[in-house]
Amino acid sequence: MTDEVPAVAHLLAGAPRNWGRWGEDDEVGTLNHLGPAEVLAGLGTVRQGRVFTLQTPMFHENGDPSSPARAAPRRYMVQDQGSWYGPEPPDLPGGARYADDVVVSHLQGSTQYDALGHVWYDDTLYNGYDAATTIGGLRKASVLPIAERGVVGRGVLVDMAGFRGKRHLDRDETFTHEDLAAAAAAQGVEIRPHDVLLINTGWLEFFYSVPREEFFGESYQEPGLVYTPELAEWFQSMEIANLATDTIGNEVLIDPRNGTTLLVHCALMRNLGLVFTEICDLRALVADCRADGQWDFLYAAAPLKVVGGTGSPVNPIVVK
């Protein structure tokens, strides 16, 4: 890594953009690639009727695999049987009782969709929106338009951990579009234009197998995509609709070559409008795909309709 960190704007000068491609008011980016034909293509992969859900369990005994920069989600019981043991029990005529609870969490504290206005540089969001529109809540490129549209299409799973013969990739371990293509070819599946691309690194396998302190360590880093100009060109030419992985950031958060942070987010999300899904629990799906050799499927997801939200929890569904 160099001693001086170059500006993201310098590294991405001349990189492809989709600004204005779907109109000056667009806020869903590459989800525009998903139409009726893509929905039908996803339905065409369904052969067994087997269903998988991809959200990580919230409030698991091992904790939540959210970013160390965010406080862990917290849940509080505000009503339960204990409420009737107190000196002033609730008065519900007829004898019915109920439980109730409250969750305090970052919107990106679990498996989530990122809004396209979540990451930017040069004071400008996706599609040229002014970064000042994020103040007090995203007035442009929030998660709401993604939630209102929904995501349905052909999903394809690339098993990078399996391709490299590992239970999980190592910290700082990188891969590119060329690695994705090689892994897909080895699996016997084709990555097609307009796909929802899921990538297994085995990172959640690691999270659930070690103490939280070991997982995050003194300086957290994870495996993932690393930026190259060719990577951005590949995602642009393939018109990938949605990128989803089992890592917290979908990329090596600090580029090992130059020290920049969130460079892939900037190149793909901010410039191309590529919609990101993070912290997907792919363990059961990976095991099933390895067993039957079917790596494509119907993918469907709908984040919460959070007005002005920078992201939203989601429980994607896969049907094989």
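The values are calculated or read from the model by the stated rules, or taken from the named source; none is laboratory data. Just so it is clear, the structure is predicted and the values come from calculations on it, not from any experiment. Heads up, the Cβs are rebuilt from the backbone with ideal geometry, glycines too, and the neighbour counts pull from every protein chain shown. Side chains are part of the model used for accessible areas, which takes the heavy atoms of the whole protein and leaves out ligands, DNA and RNA. Shrake-Rupley method; radii C 1.70, N 1.55, O 1.52, S 1.80 Å.
Numbers below:
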| item | result |
| --- | --- |
| Span from the region 274-305 Cα centroid across to the region 175-250 one, whole angstrom | 12 |
| Rh (Kirkwood; distinct C-alpha pairs) - the chain, Å | 20.6 |
| Principal axes of region 72-192: Cα extent on each, largest first, Å | 66, 43, 31 |
| Global geometry of region 186-281, whether rounded, prolate or oblate, following the gyration tensor of its Cα atoms and the 1.5 cut on a/c | oblate |
| FRET efficiency, 1/(1 + (r/R0)^6) with R0 41 Å, evaluated for L40 and D80 via beta carbons | 0.30 |
| DSSP bridge orientation in the chain - percent antiparallel, rounded to nearest 5 | 65 |
| Residue-level accessible surface for R149, protein heavy atoms, 1.4 Å, Å² | 110 |
| The chain: relative contact order as a whole-number percent, Cα under 8 Å and 6+ apart | 32 |
| Overall dimensions of region 227-268 as given by Cα atoms, namely Rg and Dmax in Å | 10.7, 28 |
| Positive-end extreme of charge dipole, the chain - chosen from A147, Y113, V307 (charges on Cβ) | A147 |
| Range in the chain, longest, excluding exposed chymotrypsin sites (Phe, Trp or Tyr not before Pro) [loop by DSSP; at most 14 other beta-carbon atoms within 10 Å] | 99-320 |
| Cα convex hull of region 260-303 - mean projected area over all directions, nm² | 4.7 |
| Among T133, V5, V102 - extreme Cα towards positive end, dipole of the chain, charges at beta-carbon | V102 |
| Accessible heavy-atom area order of T261, T124, highest first, probe of 1.4 Å | T261, T124 |
| For the chain, with +1 on Lys and Arg beta carbons and -1 on Asp and Glu, the positive-most of G49, A72, I191 along the dipole | G49 |
| Anchor K140: lysines whose Cα lies under 24 Å away (excluding residues fewer than 8 positions away in-chain) | K305 |
